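Some notes on the structure that comes next.
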Amino acid sequence: MKFKQPFLLVALLLCFVTKSFSQKGNYSISNGIGITGGITQFNITTDNFITNSSNGFSGGLSSTVDIPNRWYNISFGMQLSESSIDISARPTQLSNSNPNEFIDYKMFAAQVAMLMHIKVAPNYFTIDLGPMLQYNGKLELKDESKKSYYINNYSNLTAENITNISQFNINGVIGASVGIKNLKLKAQYIYGFTNILNKLNSKTVDASGGDSKFKGNQTMLVLGAVISF
C-alpha cells in the first residue's frame, strides 16, 4: 500500500517547523521535530464477530510547538502502522471441530493527529489527548488458503467477504509521555469514533444466521518512544 499523499502533507508541514524560534511577549516559542516508533495492539469492538487483539508496529514523525510559560504544548504528527487482528472462523459451514480457530488479518493505516500535551511535570511528564484522522487499507488475510473459511456467528459469510472495511475513520487519542527533554517513552490509547465495519453494510454480503447490521469500533494501544531534536 502506498501513502504518498500523507507523506507529502507531513513533508510540507516539516518545512515550516524545522527548529525555529520566535518571540511572543517575554517568552520564546520553539518548534521541534520528533521521530516515533513502537508496537501496537489492535482490535475491533463488535458484536458481529468473535475477535482477539493482536500485535503490530508503528513509526512516524511529529512536530511540536513548545510554549514554556503555558500549561500545554501542541503537536502535529503522522504515523504509519501495520496492525493485526484475529477473527474466529471454521473451515466448513457445518464444521464443529476446533471452534476456537482464529484467522489472522493485518491492516495498514496512516494516522494524522493533533494533540495537546498537558504539562504535569514540564520536560518530564505530560498527558496527551486530541483528535486523529485515519486512512487505512482493507483487512488482508495473512494466509490466503483460509479465505473460504466461514466466519463464526454467520451461516454463509466467508473470511474474504469481510475484508472490505471502511477506509476513512475518525479517532480519539489519550495517553501519556514520560522521560527527559529529547527522549520520552509514550503510551497511547486510540478509540475509533466511526464505524469501521460500515462499508460492509453497503455491500451485498450473505449475513444469514447472524446480525445483518455490521458495527464495530477500532481500539489500538501504542507503546513506544519519541526522539526529538
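The values are calculated or read from the model by the stated rules, or taken from the named source; none is laboratory data. These figures come from a predicted structure and were not determined experimentally. Cβ coordinates were reconstructed from backbone atoms using ideal geometry, including for glycine residues, and neighbour counts include every protein chain displayed. Keep in mind that these areas ignore ligands, DNA and RNA; they rest on the heavy atoms of the full protein, side chains included. Shrake-Rupley method; radii C 1.70, N 1.55, O 1.52, S 1.80 Å.
Over 20 Å from Ser145 (Cβ atoms), assigned to a loop (DSSP other than H, G, I, E, B) and at pLDDT below 95 - does that describe any residue in the stretch 71-86?
There is at least one residue in the stretch 71-86 that is over 20 Å from Ser145 (Cβ atoms), assigned to a loop (DSSP other than H, G, I, E, B) and at pLDDT below 95.
Would you mention how many residues in the stretch 38-68 are open to solvent by less than 60 Å² (accessible area, probe 1.4 Å), in a strand (DSSP E or B), under 30 Å from Val120 (Cα atoms) and aliphatic (A, V, I, L, M)?
Matching residues across the stretch 38-68 total 1.
Looking at the stretch 118-140, which of the residues that are out of contact with any Ser or Thr (no Cβ under 8 Å at 6 or more places or on another chain) and of a type in the set (Phe, Trp, Tyr) is modelled with the lowest pLDDT? Break it down stepwise before answering.
The initial filter retains those residues of the stretch 118-140 that are out of contact with any Ser or Thr (no Cβ under 8 Å at 6 or more places or on another chain), namely 121-124, 127, 129-137.
Among the residues that remain, those that are also of a type in the set (Phe, Trp, Tyr) are: 124, 135.
On the way: Tyr124: 93, Tyr135: 98.
The qualifying residue modelled with the lowest pLDDT is Tyr124.
Is it the case that the stretch 151-170 has a residue that's loosely packed, with under 15 Cβ neighbours inside 10 Å, in a strand (DSSP E or B) and not charged (D, E, K, R)?
Taking every residue of the stretch 151-170 in turn, at least one turns out to be loosely packed, with under 15 Cβ neighbours inside 10 Å, in a strand (DSSP E or B) and not charged (D, E, K, R).
Looking at (1) closer than 21 Å to Leu200 by Cα; (2) surrounded by fewer than 18 Cβ atoms within 10 Å (Cβ to Cβ), which one does Ile85 not meet, given that it meets all the others?
All conditions pass for Ile85, except number (2).
On the basis of being open to solvent by less than 40 Å² (accessible area, probe 1.4 Å), among the charged types (D, E, K, R) and in contact with a strand residue (DSSP E or B) (Cβ under 6 Å, 6 or more places away or on another chain), does Lys186 make the cut?
Numbers: open to solvent by less than 40 Å² (accessible area, probe 1.4 Å): yes; among the charged types (D, E, K, R): yes; in contact with a strand residue (DSSP E or B) (Cβ under 6 Å, 6 or more places away or on another chain): yes.
Here the answer is yes, as Lys186 does meet what is asked.
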